[in-house]
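Engineer: Quick one: structure below, then a few questions.
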Amino acid sequence: MKILLIAINAKYIHSNLAVYSLRAYAEEYQEHIQIVEYTINHRLDFILQEIYKQKPDVMCFSCYIWNFRYVQELIVELKKLLPGVPIWVGGPEVSYEPELFLQRYPMTEGVMTGEGEATFLDLCKHYIEGRDGSRLVQIPGLILRTHQGQLVKTAAREPLCMDRIPFAYRQLEDFQNRILYYETSRGCPFSCSYCLSSIEKCLRFRSLNLVKQELSFFLEQKVPQVKFVDRTFNCNHRHALEIWQYLNKHDNGVTNFHFEISADLLTEEEMELIASMRPGLIQLEIGVQSTHTATIEEIHRAMDLSRVKEAVKRLKRSGTAHQHLDLIAGLPREGFLAFAESFQQVYALKPEQLQLGFLKVLKGSYLYEHQKEYGLLYQEHPPYEVLATNWLSYEELLKIKLVEEMLEVYYNSGQFEMTMKVLELTEENPFMLFLHLGEFYEKHGWLAMSHSRMRRCEILLAYVKEKDAKNYGVYQETLTFDLYYRENMKSRPSWAPEISSFQQLSRQYCKKGKLTHLEPFWYDMETIREKMTLSAYPEKRAEQSFYLFSYEQRNPLSGQAQVRLVSNGGKHVG
């Protein structure tokens, strides 16, 4: 008997915690359970072939918005090829409106709704021990099709005690070069109307002693990154504090831990602890979503915005935690100008990353149930992304799409840090800067194309030639700085001075070959680099200053090379 758990991930670097957790819980049947993982970048016919070659006796698909269209197509074709093999589905994409799914896909045996570990164990027992088919209706947590074709909903499954769920990662051979996902709690204490987590009110935690044992495994194995999937990790202060204290005390100098938190819930003790950590030990994802008061109230979001801003600024000053802040476009009562204001306020906090996302109208969420009230138009198929609302037109949403694309390229990539600090001075609201830059790309037909980093620089220079021509020389130098800030470039920018003009000085300072690079600048890069903004553009100096880029030592939060001023106007500095 072979029961196949099938995961289709968004990227190769991702792993699917759900299927590994199901297999771990059904440990007594391990020899009969096999996991296969693919990505949405695989051809559909390749996945079909590979599943067929496994010759499964039972197939179980893990369903999410990023893979649901793949799953829908696969189960239709697999039923033709393996007509006698039962197909089961589970996950958030089928747990809501499962009857509708089963009506559309009659080749599916049934749906495992909600939390799946105990339900999957019972299914394994049923198939492996050869139980009579009629006994499936005795397994809680299912909606299934009887032999007569009728849909039957079995009893609800009680939420599991978190300590009963075995640790999913006993062997790491399957996870080389991949992110590991880990959970210490399920459920969420909040009621945000766009989120499915708010539906599950039974908030449960894994025992701290057990969590520490499992964290020690990650630390001993020197896993590169572990992402906690707890919905609001710091909603329980004692739980969060003890885990952070443990990680700080046992830090291996390598592993990074990612947490999704509410910044306004951070206590003084937690803030001081984070400030004491190794830079890069943790990274924090903070969902702001909107700063518009009417929107925050409408989506039932509990958030003290002033405390969020204060906490983010303080974390920024400490310089120990990478911060990833989120905004969602398309929320109720937030029009184009209100969203631009939200963007400006969050951008001013200067997180390492600002993710501009778009509302997904998820089945089962409050917004899904009230879509007509809010005038929500959204994509018919996954990811169900918003197209328009009573407050935001599709045309306006397309403008925000331009902002999102330029934000990813020129801010979130971290590859244009110096240049963006100067370019921000051209607009009162950085939202308009990214919009105008996106419109510039659009006008020249450069959107939806793959551009090299050097080409991105050239496009930016073309933009500033129209936008801020009098400071063109400043941008040429900041772009040169940005290029070498990240890596020792193999090809030299065409606008930079010839290396032969300072080759003798370069030999004097660059003793480590490609691990260092010396570069001259006419403008004061030190001022631009150290200050968040400038009160005025830098003046061109009478003599060049030289900066040494060292690639052996990098900023653990940004990945930028260590840079120091070594010669200022012909005078040796250090």
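We did not get these values from a lab; they are worked out from the coordinates using the rules stated. Computed from a prediction, not measured in an experiment: that's the story for all the values here. Cβ: placed from backbone, ideal geometry, glycine included. Neighbour counts: every protein chain shown.
Engineer: In sequence order, what are the phi-derived ³J(HN,Hα) couplings for the stretch 413-427 according to the Karplus relation 6.51 cos²θ - 1.76 cosθ + 1.60 with θ = phi - 60°, rounded to whole Hz, with x for glycine and proline?
Structural biologist: 5, x, 8, 9, 4, 5, 4, 5, 4, 7, 4, 4, 6, 7, 9
Engineer: How do Arg333, Arg554 line up, fewest other C-beta atoms within 10 Å first?
Structural biologist: Fewest-to-most ranking of Arg333, Arg554: Arg554, Arg333.
Engineer: Given N residues in the stretch 194-314, what is its alpha carbon radius of gyration divided by 2.2 N^0.38 Å?
Structural biologist: So the stretch 194-314 has a normalised radius of gyration of 1.13.
Engineer: For the stretch 135-215, what is the convex hull volume of the alpha-carbon atoms per residue, in Å³?
Structural biologist: Value for the stretch 135-215: 192 Å³ per residue.
Engineer: Quick one: P(r) of the chain from all Cα-Cα pairs, 10 Å bins, percents rounded to integers, in order of increasing distance.
Structural biologist: Distribution as computed: 3, 15, 23, 24, 19, 10, 4, 1, 0 percent.
Engineer: Helix 453-467: angle to the longest alpha-carbon principal axis of the chain, degrees 0 to 90, nearest 10?
Structural biologist: Helix 453-467 sits roughly 60 degrees off the main axis of the chain.
Engineer: Still on this structure, please answer the following. Hey, got the dipole for the chain? About the Cα centre, +1 on K and R Cβ, -1 on D and E Cβ, debye to the nearest 20?
Structural biologist: It comes to approximately 1280 debye.
Engineer: Amide H of Gln289 versus every other amide H placed in the peptide plane: which residues, excluding those fewer than 5 positions away on the same chain, fall under 5 Å?
Structural biologist: For Gln289, whose amide H was placed from the backbone, the distant partners under 5 Å are Asp326, Leu327, Ile328.
Engineer: Going by how many other Cβ atoms sit within 10 Å of their own, how do Tyr485, Tyr12, Tyr509, Tyr25 line up, fewest first?
Structural biologist: Ascending number of Cβ neighbours within 10 Å: Tyr12, Tyr509, Tyr25, Tyr485.
Engineer: Can I ask one more? Collect residues whose amide H, placed 1.01 Å from N in the peptide plane, falls under 5 Å from the amide H of Lys227; neighbours closer than 5 in sequence don't count.
Structural biologist: Leu180, Tyr181, Tyr182, His258
Engineer: Also, I was wondering about something else. Quote the relative contact order of the stretch 179-392 in percent (integer), defining contacts as alpha-carbon pairs under 8 Å separated by 6+ residues.
Structural biologist: Worked out over the stretch 179-392, it gives 19 percent.
Engineer: Using the Cα centre as the reference, give the magnitude of the dipole from point charges on the C-beta atoms of the stretch 25-117 (Lys, Arg: +1; Asp, Glu: -1; all else neutral), rounded to the nearest 20 debye.
Structural biologist: Computed charge dipole of the stretch 25-117: roughly 540 debye.
Engineer: Continuing with the same structure: Helix 208-221: angle to the longest alpha-carbon principal axis of the chain, degrees 0 to 90, nearest 10?
Structural biologist: The angle comes out near 60 degrees.
Engineer: Okay, next question. Taking N as the number of residues in the stretch 453-535, what value does Rg over Cα atoms divided by 2.2 N^0.38 Å take?
Structural biologist: In units of the globular-protein estimate, the stretch 453-535 measures up at 1.17.
Engineer: Now for a separate question. Run lengths n ≥ 4 of DSSP H only: what is the helix-derived mean residue ellipticity at 222 nm for the chain, with -39500 (n - 2.57) per run over all residues, to the nearest 500?
Structural biologist: Result for the chain: -10500 deg cm²/dmol, rounded to the nearest 500.
Engineer: Report the semi-axes of the equivalent ellipsoid for the stretch 179-392 in whole Å, largest first, where each axis is √(5λ) for an eigenvalue λ of the Cα gyration tensor.
Structural biologist: 32, 20, 15
Engineer: For the stretch 89-192, what proportion of DSSP beta bridges, expressed in % and rounded to the nearest 5, is antiparallel?
Structural biologist: Antiparallel bridges: around 75 percent, rounded to the nearest 5.
Engineer: Give the angle, between 0 and 90 degrees and rounded to the nearest 10, that separates the Cα long axis of helix 44-53 from the longest principal axis of the Cα atoms of the chain.
Structural biologist: Taking Cα atoms only, the helix is inclined about 50 degrees.
Engineer: Same structure again: Show me, for the stretch 488-501, the HN-Hα J-couplings you get by feeding each phi into the Karplus relation (A = 6.51, B = -1.76, C = 1.60, θ = phi - 60°), rounded to Hz, glycine and proline as x.
Structural biologist: 7, 4, 6, 10, 8, x, 5, 8, 7, x, 5, 4, 4, 6
Engineer: Here's a follow-up. May I ask for the net charge around Pro497, where only other residues with Cβ less than 11 Å from the Cβ of Pro497 are counted and Lys, Arg are +1 while Asp, Glu are -1?
Structural biologist: Counting the neighbours of Pro497, the net charge comes to -2.
Engineer: Still on this structure, I have one more. How many angstrom separate the Cα center of the stretch 208-224 from the Cα center of the stretch 440-491?
Structural biologist: Between the Cα centre of the stretch 208-224 and that of the stretch 440-491, the gap is 43 Å.
Engineer: For the stretch 111-121, take each phi angle, set θ = phi - 60°, evaluate the Karplus expression 6.51 cos²θ - 1.76 cosθ + 1.60, and give the result in whole Hz per residue in order, putting x for glycine and proline.
Structural biologist: 10, 8, 8, x, 5, x, 4, 5, 5, 5, 4
Engineer: Which cross-chain or sequence-distant (5 or more) residues have an amide H under 5 Å from the amide H of Ser207, H modelled 1.01 Å from N in plane?
Structural biologist: Asp163
Engineer: Which pairs in the list Lys11/Lys80; Lys2/Lys153; Lys227/Lys490 are over 30 Å apart, alpha-carbon to alpha-carbon?
Structural biologist: Among Lys11/Lys80; Lys2/Lys153; Lys227/Lys490, the Cα-Cα distance tops 30 Å for Lys227/Lys490.
Engineer: Report the FRET efficiency, 1/(1 + (r/R0)^6), for Glu129 and Ile40, where r is their Cβ-Cβ distance and R0 is 45 Å, rounded to 0.05.
Structural biologist: 0.80
Engineer: Quick one: which of Lys309/Lys372; Lys309/Lys443; Lys512/Lys571; Lys363/Lys401; Lys125/Lys360 span more than 29 angstrom between C-alpha atoms?
Structural biologist: Beyond 29 Å between Cα atoms: Lys309/Lys372; Lys309/Lys443; Lys125/Lys360.
Engineer: Could you please report the charge total around Met432, scoring K, R as +1 and D, E as -1 over all other residues with beta-carbon less than 12 angstrom from its beta-carbon?
Structural biologist: Every neighbour counted, the sum reads -3.
Engineer: Let me ask another. What whole-number distance in Å separates the alpha-carbon centres of the stretch 116-177 and the stretch 260-318?
Structural biologist: When both Cα centres are located, 38 Å separates them.
Engineer: Here's another thing I want to ask about it. Taking Cα centroids, how far is the stretch 14-63 from the stretch 66-105 in Å?
Structural biologist: Their Cα centres are 14 Å away from one another.
Engineer: Related question: For the chain, which span is the longest to avoid every loop-located (per DSSP) member of GluC sites (Glu not before Pro) having at most 16 other Cβ atoms inside 10 Å?
Structural biologist: The reported range is 201-372.
Engineer: Moving to a separate point now. When Lys and Arg each count +1 and Asp and Glu each count -1, what net charge do the other residues less than 10 Å away from Glu260, Cβ to Cβ, add up to?
Structural biologist: -1
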